[in-house]
Amino acid sequence: MAETSVKNQGQVSQICVKCGFCCSGLLYDQARLEDGEVDFARAIGLDVGADPRTTTGQKKFALPCPHLCGTVCSIYQQSRPKICSHFFCELASKFDRGELSQAESLQKVEEAQRLMRRIEPMLMPGENWTMARARWSSNRNKTPRSPGEAKFQMLMTALNLFLDRNFRKERQRIVSVEPQSMEVVEGE
């Protein structure tokens with residue numbers, strides 16, 4: 001979403017500075033660069049590479065962003081890649097469209113942060129959210145080897161489902177949940 005189409009920029013910004021999920025690697029593992037931004041991105045210390053999931057050569061930079069300080073950008077007032085000022089998660093978009101109030105939006109940020117705090121003690125030394133999501137994803141269809149691993153998988157699934165429903169665009173969701181038909185069988 002382009003900045004010029006944002007109706008409530010100041011209020012959206014208040015939500016964004018409480019969150020920072022888009023830059024932390026919690027939602028995505030990389031962010032796309034526009035043509036001509038590669039040298040600039042490298043110059044400001046971003047880890048630039050080609051998107052391994054495509055054959056187009058589209059350049060991306062790895063997340064978490066090294067300029068994220070807590071939940072805010074440490075170079076916000078400086079030049080940044082275009083995606084940094086133009087990206088809005090689904091939560092910010094819903095708020096801007098009037099589908100959620102600011103209080104409801106902030107409650108969703110806080111709920112995700114509560115889930116994150118439950119998982120943080122289970123992260124491996126040096127593991128960031130991008131790495132944790134990769135570990136969760138690679139073990140999704142495996143039997144957990146320990147109760148701690150089972151708890152990590154369960155909490156990461158809950159977190160990613162919450163992020164899918166509230167922060168990620170529909171086409172970018174990562175937890176697939178098929179609706180289950182439930183049949184009630186009455187006893188004799």
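What follows draws every value from the coordinates through simple rules; no lab data is involved. Note that this is a predicted model, so its numbers are computed, not measured. Here Cβ is always computed from backbone atoms with ideal geometry, including for glycine, and neighbour counts include all displayed protein chains.
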- prompt: For the chain, what is the mean residue ellipticity at 222 nm derived from helices alone (per DSSP H run of n ≥ 4: -39500 (n - 2.57); sum divided by total residues; nearest 500 deg cm²/dmol)?
  reply: -12500 deg cm²/dmol
- prompt: Measuring from label point to label point, each 7 Å out along Cα→Cβ, what is the residue 107 to residue 78 span in nm?
  reply: 3.9
- request: For residue 139, list long-range residues whose amide hydrogen, built 1.01 Å from N in the peptide plane, is under 5 Å from its own amide hydrogen.
  value: none
- request: Pull out a ≥ b ≥ c, the square roots of the eigenvalues of the alpha-carbon gyration tensor of segment 3-172, then state rounded if a/c is under 1.5, prolate if not and a/b is larger than b/c, and oblate in the remaining case.
  value: oblate
query: Among 174, 75, 15, whose mean-square fluctuation peaks in a Gaussian network model of the chain (Cα, cutoff 10 Å)?
result: 75
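For segment 58-107, which GluC sites (Glu not before Pro) pass both filters: DSSP loop (anything but H, G, I, E, B) and at most 13 other C-beta atoms within 10 Å? Before the final figure, lay out the partial values.
Working: sites: 90, 99, 104; in loops: 99.
Those satisfying the criteria are 99.
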Segment 20-51: chymotrypsin sites (Phe, Trp or Tyr not before Pro) falling in loop per DSSP and having at most 13 other Cβ within 10 Å: none
task: Place a +1 charge on the Cβ of each Lys and Arg in the chain and a -1 charge on the Cβ of each Asp and Glu, then give the dipole magnitude about the Cα centre in debye, rounded to the nearest 20.
output: 420
Leading residue at positive end of dipole, the chain (Cβ point charges), from 137, 57, 41: 41
- request: Check cross-link reach from residue 142 to the lysines: straight Cα distance under 28 Å, and skip same-chain residues fewer than eight apart.
  value: 151, 169
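Packing-wise, with mean Cβ within 10 Å as the measure, how do 105-113, 76-84, 47-55 rank, highest first?
The peptides rank, most packed first, as 105-113, 76-84, 47-55.
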